[in-house]
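A quick write-up on the structure given underneath.
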Amino acid sequence: MTIVTSHTVTPAGGAGNGRVRRLVDQRLGELLDQELARLGFLGEEGVGLVRRHLAAFARDGGKRLRPAFVYWGHRAAGGTAADLGAVLNAACAVELVHVAALLLDDVMDEAPGRRGRPAAHVALAAEHRRAGLRGDPARYGESQTTLLALLALAWADAALLGSGPHLADALGVLTRLRVEVTAGQQLDLAGTAAGADTGRTRTIALYKSAKYTIERPLHLGHAVAGGEPAARRALSAYALPLGEAFQLRDDVLGVFGDPGRTGKPAGDLRQGKPNHLVADARERVGPRGATLLDTVTTERDAAVARELIVSCGALDAAERRISALAARAVGALDALPGLPGDARAALTELTVLATDRSR
């Protein structure tokens, strides 16, 4: 197995993040090959299923945003060249947790597609039908996808075992990440069923997105480096406003996004998912408008709801808040002790990527 040993960093943020992605992709591919080789007892057909619907999904898609935060959290905390293999393993662990979360999220949302292809549970149901297997194809697809997600979580633990001498601290961070995102998803489901005001949507955003996407990955890199508490606190001061901005951008895209660019449907209105943009609009438009926002069943309904969200000022308010939160995050980098120039440039660029209107 090839292990990357170079830790040369590029001062420019874009080149630095591009290089990190290549390193993560290489290490993730190695880990996936290693774990697939251990599944020979499933037989050729079983291994093929895992390769098509889990390994290929993990290998071929995604922005590697969370692994990038692991890497730069490590750099910001004083990580050295000797730790590169360890931090890449930790970064891959977070990515595999994310793969598991996406697989399960698509089942819970009954999503038809992800990243420009059928969602795993949909593709597996189609395979069941083509093969003429027994039982309900939809149930089979959902059950297989759930098992694939559990396998991805096990692979995340296997990856983290290679995260170096601070494994206990790293495992503590990864455990908190998993607990928080699971509990955040529970809040999300409850909000879908019962409705959610702006206070509740902020809580959901904190645990389902801000901590999961940015703060805990940064903390994981910090743990691998054996960083000081002051650096961890400063990383949180950067992460939490950016995490809120990231989720608010996701909320905007959930209503106004182009599925061809985002890789997922803009279905928050029809599904009634907790969405801060929609919750703010509901509070602005009064009972009649709120009823309209709560009863979207067709694309025509969705178009009317979008017009209402724009006209009441909720969309403009969301865009202003995203900009303010992103600026606060970048300003917090000044408090990071001894922050290397390449890490500052990369974290600044990640702030832009995380809040971009076309992501």
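The values are calculated or read from the model by the stated rules, or taken from the named source; none is laboratory data. Because the structure is predicted, anything quoted here is derived from the model rather than measured. Don't worry about glycine lacking a Cβ; one is built from the backbone with ideal geometry, like all the others, and counts go over all protein chains shown. For accessibility, only protein heavy atoms count, side chains too; no ligands or nucleic acids. Shrake-Rupley method; radii C 1.70, N 1.55, O 1.52, S 1.80 Å.
Okay, here's what the table says:
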item	result
Protection proxy ranking, peptides 130-137, 242-249, average beta carbon neighbours within 10 Å, highest first	242-249, 130-137
Sequence ranges 55-65, 284-294, ranked by mean other-Cβ count within 10 angstrom, highest first	55-65, 284-294
Which of 276, 128 is most accessible, then next, and so on - probe 1.4 Å	276, 128
Amide H partners (placed H, <5 Å) of residue 113, local residues excluded	119
Directionally averaged projected area (convex hull, Cα atoms, the chain), nm²	18.2
Two-decimal log10 I(q)/I(0) for region 79-204, as the Debye equation yields it once each C-alpha is a single scatterer, q = 0.10, 0.20 Å⁻¹	-0.44, -1.09
Semi-axes of the equivalent ellipsoid for region 88-153, Cα gyration tensor, largest first, Å	24, 12, 10
Anchor residue 211: aspartates and glutamates whose Cα lies under 20 Å away (excluding residues fewer than 8 positions away in-chain)	95, 105, 157, 169, 180, 188, 228, 244, 250, 251, 349, 356
